[in-house]
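Structure, as structure tokens:
We did not get these values from a lab; they are worked out from the coordinates using the rules stated. Keep in mind that this is a model prediction, so the values were computed, not measured. Reconstructed Cβ throughout: ideal geometry from the backbone, glycine too, with neighbour counts over all protein chains shown.
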Amino acid sequence: MSALALPISPTRGACPGLSTPMPTGDGLLVRLLSTGTISLAAFGALCRAARHHGNGIVEITARGSIQVRGLTAASAPRFANDVAALGIATADGVPVLTNALAGLDAEEILDANALAEDLRSMLSRTDLAAKLAPKVSVAIDGSGAVTLDDIAADVRLHAEMTQAGAMLRLGIGGDVASAIQFGVVAPARAVDAVVRLLEVVAAHGLSARARAIVDAEGAKEFQLAIGGLLISDGPRKGGDPQPDSRLRRNERTMLSPVGLFLLRGGSYASGVGLAFGHADASTLERLLEAAAKAGAHGVRAAVGRALIALGLAHDSAAGFAADAERLGFIVSADDPRRYVLACAGAPICASAHIAARAMAPAIAEMVAPFIGGAVTIHVSGCAKGCAHGSPAALTIVGTPEGYALVTHGTARDAPHSIVAEHELPGAIARRESQLKHGVGYV
């Protein structure tokens, strides 16, 4: 593969795959959505390729993708060739997300990976991917210890146990709390239902998203498309798919991919977070060495900017977590760094006005007393907001004039104030009460 054979994705909002890198402020970026377990050897080789061909920064995104930064037009094809030779299972086309421990989790109701593979196979035989916006996605949650509750998707399936056995609750346009729910569908009919819903989205054009269609026109078109497949129907907003068995999910720490999880067969998985979503490749290689020492056989990338080591014995898991903590990874679900989102920032990114990632640790300390739950802080080097496209409780944006502050908005929203660097701690402290109680700036 030559450099000229590798197309560049120029459009913000597109998905930068392995063969279609996207230009950013620090070079070209590629993203891999892995679809299963990655061997320690393969992930280590990926890290070495990131150092050799890029700037050595490896990221795990909020949606569980792996990103490598700092590639060039010359090095990106070589990186793609090196990674392709590793045999890492990845997905192209419409993104189909599953919970990180799908197929392994001792608690899950249904193997989301198996259903996702069936859906990807079906979609590959259609032209839907070419008719849908790049960000249109499907979430399939087997309802295990690590869920996709907080992940918004155009179409979502959520396993629940009924008197008739395992079923899938079908929703569109949101996360588990905000999606429009249509009732339940049998696993055997779930792929057909998802394809029909995606066809409705595609019929509205290349920029259409399920939520926008519902907001503008209602849900009737979607309901008609799947009416014959549902065991129960009637759209409703949000709601808990399993009101009797999911009370523990009120605790955010129970949703976290960070922690120790029991797997089928009696072994364990240990999830660690990447502080602010990134790590340098050399540090990740040392983490893999710690995982191997603890008996792990592989890793999975997880939603929530985490990496999960698989196959540990209970006695060795504590040692792995201690090693991960010494390397700077997050090992506690309530670590405030989990709730601070930061882009690369200056000087890594030429578009940035502030050193967003460098200042993120200090901001995490400032907000530690009141952060957590639904409260997140977004630190963005510029108004593009690459690290977090959704509203955050507080967004700090670098501008030529100083630090712009946006409460309950995005980096692209108008700020309510702009402060100098020395004024930032006081400005954050003044918003503590508002952030604690989730109220907007007045």
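In the chain, a dipole from Cβ-located charges (positive for Lys and Arg, negative for Asp and Glu) runs towards its positive end, and of 395, 24, 222 it is 24 whose Cα lies farthest in that direction. Among 185, 146, the order by Cβ neighbours within 10 angstrom, fewest to most, reads 185, 146.
For the chain, the calculated P(r), taken from all Cα-Cα distances in 20 Å bins from zero up to the bin holding the longest distance, is 25, 59, 15, 0 percent.
By other beta-carbon atoms within 10 Å, ranking 366, 122, 167 with the fewest at the front produces 122, 366, 167.
Using a simple charge model, +1 on the beta-carbon of Lys and Arg, -1 on the beta-carbon of Asp and Glu, nothing else, what dipole does region 337-437 show about its Cα centre, in debye to the nearest 20? Provide the component values of the computation, followed by the final result.
Working: 8 positive and 6 negative charges, 61 e Å.
The dipole of region 337-437 has a size of about 300 debye.
Think of region 101-250 as a dipole: +1 on every Lys or Arg Cβ, -1 on every Asp or Glu Cβ, centred on the Cα centre; then among 138, 188, 163, 138 lies furthest on the positive end.
With the contact rule set at Cα under 8 Å and sequence spacing of 6 or more, what percent relative contact order holds for the chain? Over the chain, the number comes to 12 percent.
Can you tell me the order of 341-349, 195-203 when each peptide is scored by its average per-residue count of other Cβ atoms within 10 angstrom, highest first?
Working: 341-349: 23.4, 195-203: 19.8.
Highest mean packing first, the order is 341-349, 195-203.
Taking the fewest neighbouring Cβ atoms within 10 Å as the starting point, the ordered list for 121, 75 is 121, 75.
For residue 212 and residue 189 in one chain, what is 0.36 nm times their gap in residues minus the Cα-Cα distance, to one decimal in nm?
Working: separation 23, 0.36 × 23 = 8.28 nm, distance 2.56 nm.
Gain on stretching residue 212 to residue 189: 5.7 nm.
Under the criterion of Cα pairs below 8 Å and six or more residues apart, the relative contact order for region 101-250 equals 22 percent. Across all Cα pairs in region 101-250, the calculated P(r) in 10 Å bins from zero up to the longest distance comes to 12, 45, 35, 8, 0 percent per bin.
Its alpha carbons give region 43-95 an Rg and a Dmax of 11.1, 30 Å.
Using the alpha carbons of region 337-437, what is the convex hull volume per residue in cubic angstrom, as a whole number? The partial results should precede the final answer.
Working: hull volume 8.5 nm³, N = 101.
Dividing the Cα hull volume of region 337-437 by its residues yields 85 Å³.
Pairs of lysines in the chain whose Cα atoms sit within less than 27 Å of one another amount to 9, provided the residues are eight or more positions apart or on different chains.
Rg(Cα) of region 12-80 divided by 2.2 N^0.38 Å? Intermediate results must be reported in sequence, preceding the final value.
Working: Rg = 11.3 Å, N = 69, 2.2 N^0.38 = 11.0 Å.
For region 12-80, the normalised Cα radius of gyration comes out at 1.03.
Under the convention that each Lys and Arg Cβ holds +1 and each Asp and Glu Cβ holds -1, the size of the dipole of the chain around its Cα centre is about 540 debye.
Can you list which of the trypsin sites (Lys or Arg not before Pro) found in region 100-171 are DSSP loop residues with at most 10 other C-beta atoms within 10 Å? Let's see the in-between values first.
On the way: sites: 120, 125, 131, 135, 156, 169; in loops: 125, 135.
Listed in order of number, the matching sites are 125.
In units of 2.2 N^0.38 Å, what is the alpha-carbon radius of gyration of region 265-365? Display every interim value, and only then the final one.
Details: Rg = 14.8 Å, N = 101, 2.2 N^0.38 = 12.7 Å.
Against the empirical 2.2 N^0.38 Å value, I get 1.16 for region 265-365.
Computed as a quarter of the hull surface, the mean projected area of the alpha carbon convex hull for region 96-149 stands at 3.8 nm². When only the Cβ of Lys, Arg, Asp and Glu is charged (+1, +1, -1, -1), the dipole of region 101-250 relative to its Cα centre reaches about 360 debye.
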